[in-house]
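Q: Pasting a structure here, questions to come.
The values are calculated or read from the model by the stated rules, or taken from the named source; none is laboratory data. Quick caveat, the model's predicted, so the values are computed rather than measured. Glycine also receives a Cβ, built like all others from the backbone with ideal geometry; neighbour counts cover every protein chain displayed. All accessible areas refer to the heavy atoms of the entire protein, side chains included, with ligands and DNA or RNA removed. Shrake-Rupley method; radii C 1.70, N 1.55, O 1.52, S 1.80 Å.
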Amino acid sequence: MPGVKLPVRETPLAVPGFRFAGIACGLKARGRLDLALIHSEVPATVAGAFTRNRVKAAPVLIAVRHVRSGRARAVVINSGNANACTGTAGRRVAIASCRAAASALGLSPYDVIPCSTGKIGVLPPAEAMVRGIDLATRALAPGGLWRAARAMMTTDAFPKVASRRLRVGGRTVTIAGLAKGAGMIAPDVATLLVCVVTDARVGAPALRRFLRDAVATSFNAITVDGDTSTNDTVLVLANGVAGNRSVAVASPDGRRFAAALAAVMGDLADMVVADGEGATKRVRVTVSGARGDTAARRVARAVAESQLVKTALFGADPNWGRIACAAGYAGVAFRPELLSVRIGGVPVLRRGEPAGPAMVGCAAAVMRAPAFTIAIDLGTGGRGSATVTTSDLSPAYVRFNSAYST
């Protein structure tokens, strides 16, 4: 299965015009990093995608308003506390964080985007947050990206960073992204925080389009446990320091930029799935032969989120009947006698007919690998297709999440 090698090795990485910091301010125990700050030294355009959960954390509500302007200069991210379901007091803390960063950096509070992740229902200590923002401001450095990525982590096993360099308008530009996410992952942005920064010059309308398209094939195409969080936020900031002509969507530069942004976000999404709490497998579920892409996506998501399929993935059990079953309850019309399933390229169901024991044995061997693909052909003759990346469900996931708050 294509994808990045995980976890990614920490190599020096800088994006012109941006500074980063990751510090500890007491939100997490034992002095662990828990507050990240990202700062653009010049005005930047911004685009964002946010959770579709009706229960939205206070920082999400503030971030949605601030992103609407299409400009930003800083992102404040705290871990260890989601600041969700905290009422008016939680909104005050999110606003105070924006004001503290604005004061320290000489900005407008509306140019600061707040993000939080951690336990729901606990009010963050405002004094600790403000103190942490002051410390982070003094720690800002062009080479601080990896520390910022580590400060975002909650249950993550490793920091998630991806980057690309490309030529745009005769200039070399950099795109770099940092993300956190491991549990509570489902399509519709998944449960995560992501900030992608670039020194390319891109107008806000074009950046929104690039983000929308990249999210569709990355963070909206992964699942770990089917839960959509209260805090999901994906941001892209472009500060134009590279000096290129503004990237237009319908241009060769626009196509190159879109592909590079999608690649960065795709790498980060793969890392999130690979880091699914207790996960041992990363599996791409592809569906073809549907009457439309929406229908294909419904089938792919049903299979990728099936608890029975996910436990079979953990046990390397080629129980293709579970895959056929999940496809059948996805609410998509197809003829079962035309359904085909391949596991890692091995046919286990051909146009409604089971493969022999030898093929099933080959599929079992494939499933012992850490990454592989399940390919489903609905056989309708349609051109609709979709892909959703998922993880297996292991006993470690149950053990961890049975005592998350204690």
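Q: Report, ordered by the first and then the second residue, all pairs with beta carbons closer than 6 Å, sequence separation of six or more or different chains, a first member in region 326-348 that is among the aromatic types (Phe, Trp, Tyr), and a second member that is open to solvent by less than 30 Å² (accessible area, probe 1.4 Å).
A: Every condition considered, the pairs that remain are Phe334/Leu378.
Q: Which condition does Val55 not pass, out of (1) over 18 Å from Lys180 (Cα atoms); (2) touching a helix residue (DSSP H, G or I) at 6+ places or on another chain (Cβ under 9 Å), if it passes all the others?
A: So the condition that Val55 fails would be (2).
Q: Every residue in region 123-180 that is open to solvent by 20 Å² or more (accessible area, probe 1.4 Å), under 24 Å from the mean Cα position of the chain (by Cα) and hydrophobic (A, V, I, L, M, F, W, C), please.
A: Within region 123-180, Trp146, Met153, Ala157, Phe158, Leu166 qualify.
Rundown of residues vs (1) open to solvent by less than 30 Å² (accessible area, probe 1.4 Å); (2) under 13 Å from the mean Cα position of the chain (by Cα), yes/no style:
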residue	(1), (2)
Ala204	yes, no
Ser218	yes, yes
Ser246	no, no
Arg255	no, no
Ala259	no, no
Val272	yes, yes
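Q: Pick out the one residue from Ala290, Ala316, Ala296 that is touching a residue at least 40 places away in the same chain (Cβ under 8 Å), of a type in the set (A, V, I, L, M, F, W, C) and at positive phi.
A: Numbers: Ala290 fails: at positive phi; Ala296 fails: at positive phi.
Just one listed residue meets the conditions, Ala316.
Q: Being in a helix (DSSP H, G or I), β-branched (Val, Ile, Thr) and under 22 Å from Cys98 (Cβ atoms) narrows it down to one of Ile133, Ile120, so name that one. Step through it out loud before you land on a result.
A: Numbers: Ile120 fails: in a helix (DSSP H, G or I).
The match here is Ile133.
Matching residues to (1) surrounded by 16 or more Cβ atoms within 10 Å (Cβ to Cβ); (2) over 23 Å from Asp275 (Cα atoms):
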{"position": "Ala326", "(1), (2)": "yes, yes"}
{"position": "Glu353", "(1), (2)": "no, yes"}
{"position": "Cys362", "(1), (2)": "yes, yes"}
{"position": "Phe372", "(1), (2)": "yes, no"}
{"position": "Gly379", "(1), (2)": "yes, yes"}
{"position": "Val398", "(1), (2)": "no, no"}
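Q: On to the next question. Of these, Ala84, Ala36, Ala63, Ala101, which one is of a type in the set (Gly, Ala, Ser), assigned to a loop (DSSP other than H, G, I, E, B), in contact (Cβ under 8 Å) with a residue 12 or more places away in the chain and open to solvent by less than 20 Å² (accessible area, probe 1.4 Å)? Please lay out each step first, then the result.
A: Details: Ala36 fails: assigned to a loop (DSSP other than H, G, I, E, B); Ala63 fails: assigned to a loop (DSSP other than H, G, I, E, B); Ala101 fails: assigned to a loop (DSSP other than H, G, I, E, B).
The unique qualifying residue is Ala84.
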